[in-house]
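Worksheet: one structure, shown below.
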Amino acid sequence: MSADPNGIDVWEAFLDPQTDYSLPDFSAITPETLLTAVHKATDFARAEVAAVIADDAESTFFSTTVRFESASVPMTRIASVAAAIESNHLRPELTDAIGEVWEHLSATQTEILLNVDLFHRIEQVSVSDLNPEDKRQHELTIDLFVRAGARLGEDEREQMATIAAELTTLENSFSRALQLDTRELAVHLSEADALAGMNDDQIAAAANRAAERGVDGYLLPLNNFTQQGVLESLSTAQTRRHVLNNSMARGSRGGDGDTRTQVADTTALRALKAHLLGYPSYSSFAIDNQTAGNPDAAADIVSSLINPANAQLDAELAQVRQRYELETVAAEDVKYYLAKYRADEFGIDPDEVAKYFEFDTVLTEGVFRAATGLYGITFAPYEGVTAWHEDVRAYEVTDVTERPLGLVFIDPYSRDTKRGGAWMDQLVPASRLTGLLPVVTLSLNLAKPGPGRPTLLNPTELTTFFHEFGHVLHGLFANSTYPSTAGTAVPRDYVEFPSQLNEMWRFHPQVLPHFAKHVETGEPMPAELVDALIASEKFGQGFDTIEYLAAAMLDLSWHSLEAGEHITEVLSFESEVLAAAGFSPLVPPRYRSTYFGHIFASGYAAGYYSYLYSEVIAAWVSEWFEDQGGLNREAGDAFREAILAPGYSVDPMAAIERFFGTRPDVAPLLRRRGLAEPVTETDNEDDEASAESESGAASTRWDHPNHRAVAADLTAAGIDPRIEIFDGSTPTAAAAAEALGIEVGAIANSLIFSSGGQPVLIMASGAHRVDTAHVADLIGVDSLDRASKELVREATGQVIGGVAPCGHPGPIPTYVDVSLKDYPVLWAGAGTPNSMVPLTYEQLLTVTGGKEITVVAEES
Ligand SMILES: [Zn+2]
């Protein structure tokens, strides 16, 4: 009989008796209570392990596997409490104690997982009569031991333990060196002139940071990424260069802040560890139990996006160069001009937009409301509980059954004792084994406003909020027997899927109007501003995607080394990898090797690709929700039960396949990021037939390659592609005008003519017949004839009746009928006979690069 993990007095020191939830009293946590608790937890685990081994009876699932799971519960609970304090409010007096907690927990964990006697007892369990969840639990437990080295010989097990300890030391020294160099490389500027472009608040903050360090002038501290936020504001190129150079120099200047040795030694040791466990590389080991399954699958998704993202980046840079009349753009200028373009072209001022996103309204009328709409759960403030800081809010969640579902802590503000970024954690994982309801935490780093001032979110913070709440839902809906598979305890390359999926509701027409109200006037956000915001979010995706892909590729390459390889020329290795994969030096990776904390200090080794991998699923499922009509309770309930609730108690991708009947493909991700799809060989005739069967006039899903090609060109020209697909075909202008209920003159016909066998495209108003003699004269060619079907197909990839102004395989000389200027909105073909796209005259000129002409000699 195993001891009750809830019953031991591990909690005595700080269990809060005031709540129905199994929560510590955070105010009672001191170094002493924390260390007492962790020792009780590890003693409990060791005693239970000894009891399992000493048991003479035959090994059963309950006497070994489940008892091992129970034995770990107090350790896991202490770890969650320590993590919550460490990340949210690390008071200096607790720092050493928390460090001790981690050391003690990880040493105990290694000791237990390398205990072969325990492992043999677990291995002897017969699984033939187990239900699927128990059987899986048993397999996962075996896997946990095997991956720690439990099947190796004695010498190798010793080697594994040594490697584990050495890797921990290297990770700590990487962190310390990086912290030191990041601090030293903060950009110090004596003259205010150098800060031109920054706003008054930013300048005051920079002056404060300088004063804090006792230096004159201004100090711009560096954040984690290569690209620093301040690069978007600084209008002096020299300062931008200074900032980017300092940022990219981190960890590679020699001295105590240099991390190159740690990078070289860590990657070599990881390769050795993988080798001992029988894997060709660390990435094979690390990805083996992930959704992707192997490094090739991870590398494939990264590689497949390089070309479309590079094309998008080129288009973005071309637009920037054109608008600001720049010959070239240097690496330090890219971020600046992309931000400037967003502001100038879309009229998006993040400070103004933020006035529509007030924190409390976003929380109750956006984040909560979307969850209520989809899953029927409700939220109410939960009184009488104090978390780690007075700013933390607690909400109790009530299920559709009207029973309590769990508790959420929301910690919005940044503080000195909080780490950067935003995250969710399971403070108490729900499980039937412990009988505990879930308690989950959501942490943001918003600037705390002065007294009486509202907390406003910029568009990025809004996205982050919805994102983290997606994780919260995953934790709340947890419905598994064992805590080690509860809620978000899924593979890293899957866990970001529910969170990225939840981002879809932030701009959704069923959600946004409820919360996007001006903080001073209460006015709803104007439709034009919503459109501009959505369009502006797509601009710059080429850049963001490329810098992410470069970092992901770098991570996979460092972890593809074989045992015995020891790369000491860290920066040369890096530049070779990036150049070989086709990345331009204009966009350095989001992290360079020497400051890539994710993979050298915080558990993302061979896992940085995960965000993208999860996003493929998220983008695909978000289109499914759109197809279900958005906030659809039935769809939400079914999704909750099949996908969110099981956590890792089922194989996640198998659950996806069962529920949706198929596996995700990458196309929705490309649409989500506004990237063009890689061209594939398709038979157009068949595709047209299937496109025609699509119904609904305002579908935003383009299954036809021609629609995607048109959408890609429009997106590259900075135009939101709103292709509409009709039930019947609309090959003539009159038919199209009738279908749309507009004047025939507003139809922009895409007409292909032949000039001595060469195609010429004329965009003519539906009110006109093109006078070919007149136009030939005007554009200086001998003749213009109606093009053959073959020429139309060859030049446009489209068929007569479905020709679009863009989306062609190559450029076609184009002329645009000036009389189209009279209509505020034009409708042009979108690549198939049953589709059209609305454009302004200016947009038509932009996307075609066409010359304005008259198509008839004289207006009559
Ligand atoms: Zn996340």
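Our summary gives the stretch 384-466 a relative contact order of 24 percent, counting only alpha carbon pairs under 8 angstrom and 6 or more residues apart. Dipole of the chain computed with +1 at Lys/Arg Cβ and -1 at Asp/Glu Cβ about the Cα centre; of F368, Q238, L338, farthest Cα towards the positive end is Q238.
Relative to the longest principal axis of the Cα atoms of the chain, helix 705-716 runs at roughly 90 degrees.
For the ranges 843-850, 823-830, what's the packing order if you count other beta-carbon atoms within 10 Å of each residue, average per peptide, and put the highest first? Kindly include the intermediate steps, with their values, before the conclusion.
On the way: 843-850: 20.5, 823-830: 22.0.
Result, highest mean first: 823-830, 843-850.
Just to confirm the number: angle between the C-alpha axis of helix 132-148 and the first principal axis of the chain, 0 to 90 degrees, nearest 10? Helix 132-148 and the main axis of the chain meet at about 80 degrees.
Please work out whether the stretch 120-275 counts as rounded, prolate or oblate from its C-alpha gyration tensor, where a ≥ b ≥ c are the square roots of the eigenvalues and a/c under 1.5 means rounded, while otherwise a/b larger than b/c means prolate and anything else oblate? Kindly include the intermediate steps, with their values, before the conclusion.
On the way: a/c = 4.16, a/b = 2.52, b/c = 1.65.
In terms of gyration-tensor shape, prolate.
Amide H contacts of S431 (H built 1.01 Å from N, in plane; Pro and chain starts excluded): L436 sit under 5 Å, all sequence-distant by 5 or more or on other chains.
Over the residues of the chain, the helix contribution to mean residue ellipticity at 222 nm works out to -14500 deg cm²/dmol, using -39500 (n - 2.57) for each DSSP H run of at least 4. In terms of the mean number of neighbouring beta-carbon atoms within 10 Å, the peptides 58-69, 795-806 order highest first as 795-806, 58-69.
Once the Cα atoms are used to define both axes, helix 295-324 deviates from the longest principal axis of the chain by about 50 degrees. A dipole drawn for the chain from +1 and -1 charges on Cβ atoms has a positive end, and of L269, G810, G487 the residue lying farthest that way is L269. The label point for T236 and the one for E562, both projected 7 Å from the Cα toward the Cβ, are 5.3 nm apart. Only the Cβ atoms of Lys and Arg (+1) and of Asp and Glu (-1) were treated as charged; on that basis the dipole of the chain about its Cα centre amounts to roughly 780 debye. Along its three principal directions, the equivalent ellipsoid of the stretch 353-538 from the Cα gyration tensor extends over semi-axes of 28, 19, 16 Å, largest first.
Classify the stretch 185-249 from the C-alpha gyration tensor, please: rounded if a/c falls under 1.5, else prolate or oblate depending on whether a/b exceeds b/c. Let's see the in-between values first.
Values: a/c = 1.59, a/b = 1.21, b/c = 1.31.
Oblate is the answer for the stretch 185-249, as a/c is 1.5 or above yet b/c matches or exceeds a/b.
Phi angles across the stretch 222-227 convert, under the Karplus curve 6.51 cos²θ - 1.76 cosθ + 1.60 with θ = phi - 60°, into 3J(HN,Hα) values of 8, 9, 4, 5, 5, 7 Hz, Gly and Pro given as x. Computed with a 1.4 Å probe on the full set of protein chains, the accessible area for R147 sits at about 40 Å². For the stretch 218-274 and the stretch 286-331, what is the centre-to-centre distance using only Cα atoms, to the nearest Å? The stretch 218-274 and the stretch 286-331 have Cα centres spaced 21 Å from each other. Between the stretch 782-860 and the stretch 481-560, the alpha-carbon centres lie 36 Å apart.
Here the relative contact order of the stretch 789-853, from alpha carbon pairs under 8 Å that lie six or more residues apart, stands at 34 percent. Taking 7 Å steps out from each Cα toward its Cβ at D416 and A447 produces label points 1.9 nm apart. Taking every protein chain into account, the 1.4 Å probe leaves I747 with about 0 Å² of accessible area, to the nearest ten. Residues in the stretch 740-779, backbone N under 13 Å from the label point at D785 (7 Å along the Cα-to-beta-carbon vector): list them, ranges by number please. From the stretch 740-779, the list is 753-759. The residue among L34, S70, I112 whose Cα reaches farthest toward the positive pole of the charge dipole of the stretch 9-151, with charges on the beta-carbon of Lys, Arg, Asp and Glu, is I112.
Three principal axis extents of the chain based on alpha-carbon atoms, in descending order, are 101, 69, 60 Å. Basic side chains Lys and Arg get +1 at the Cβ, acidic Asp and Glu get -1 at the Cβ, and with that the dipole of the stretch 353-538 about its Cα centre reaches some 300 debye. When peptides 156-168, 255-267, 346-358 are sorted by average Cβ neighbour count within 10 Å, with the highest value leading, the order is 255-267, 346-358, 156-168. Label sites at E325 and D665, each approximated as a point 7 angstrom past Cα along Cα to Cβ, lie 4.7 nm apart.
The phi torsions of the stretch 160-176, fed into the Karplus equation with coefficients 6.51, -1.76 and 1.60 and a -60° offset, translate into couplings of 4, 5, 5, 4, 4, 5, 5, 5, 4, 4, 4, 4, 5, 6, 4, 4, 5 Hz, rounded to whole numbers, with Gly and Pro shown as x.
For the stretch 580-594, the Karplus equation 6.51 cos²θ - 1.76 cosθ + 1.60, evaluated at θ = phi - 60°, returns couplings of 4, 7, x, 8, 8, x, 5, 10, x, x, 4, 10, 7, 3, 6 Hz by residue, with Gly and Pro reported as x.
Local charge sum around D720 (other residues, Cβ-Cβ under 10 Å, Lys/Arg +1, Asp/Glu -1)? Kindly include the intermediate steps, with their values, before the conclusion.
On the way: positive: K538, R722; negative: D531.
Taking every other residue near D720 into account, the sum is +1.
Rounded to the nearest 0.05, the FRET efficiency derived from the C-beta distance between T95 and A28 at R0 = 25 Å is 0.85. Using C-alpha pairs below 8 Å separated by at least 6 residues, the relative contact order for the chain is 11 percent.
Counting Lys and Arg as +1 and Asp and Glu as -1, each charge on the Cβ, what is the dipole of the stretch 451-562 about the Cα centre in debye, to the nearest 20? Walk me through the numbers before you get to the answer.
Numbers: 5 positive and 14 negative charges, 75 e Å.
Magnitude of the dipole: close to 360 debye.
The values are calculated or read from the model by the stated rules, or taken from the named source; none is laboratory data. Quick caveat, the model's predicted, so the values are computed rather than measured. All Cβ positions, glycine included, derive from the backbone under ideal geometry; neighbour counts span all protein chains shown. Accessible surface is based on the protein model in full, side chains and every heavy atom, while ligands, DNA and RNA are left aside. Shrake-Rupley method; radii C 1.70, N 1.55, O 1.52, S 1.80 Å.
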